[in-house]
1. What pairs come out if I take residues in segment 26-38 that are free of Cβ contacts under 8 Å to residues at least 24 places away in the same chain and at negative phi and pair them with residues that are part of a strand (DSSP E or B) and loosely packed, with under 15 Cβ neighbours inside 10 Å whose C-beta lies under 7 Å away, six or more apart or interchain?
2. So in segment 46-61, with the set limited to residues that are in contact with a strand residue (DSSP E or B) (Cβ under 8 Å, 6 or more places away or on another chain) and in contact (Cβ under 8 Å) with a residue 24 or more places away in the chain, which one is surrounded by the most Cβ atoms within 10 Å (Cβ to Cβ)?
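Each value in this text was obtained by applying a stated rule to the coordinates, not by laboratory testing. In this text the structure is predicted, and so the values were computed from the model without any measurement. Counting neighbours? That spans all protein chains shown, and the Cβs are built from the backbone with ideal geometry, glycine included.
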């Protein structure tokens, strides 16, 4: 029984290490999102760190319009990054978890 428990604990440690490695790797996965008309472009990592924002000159003329564009485009970008992040971390965690009767 204790051998099984030790084996499970080791698998959990390995899974935790893989999750941490995946988190680091997701810092290198870049995603792009643009407004529908392409006047605003955002680049961020799968860990939801914004790396670049490109704004067309015509958007700089209307503060309210620019704010709307930023809100819509950033929310889409963050959602896209969140989806990638959660899928990757879930897959790694699920892969490394030990099979526990009644929980699988």
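1. Listed pairs, sorted by first residue: 30/51.
2. Among those that are in contact with a strand residue (DSSP E or B) (Cβ under 8 Å, 6 or more places away or on another chain) and in contact (Cβ under 8 Å) with a residue 24 or more places away in the chain, it is 46.
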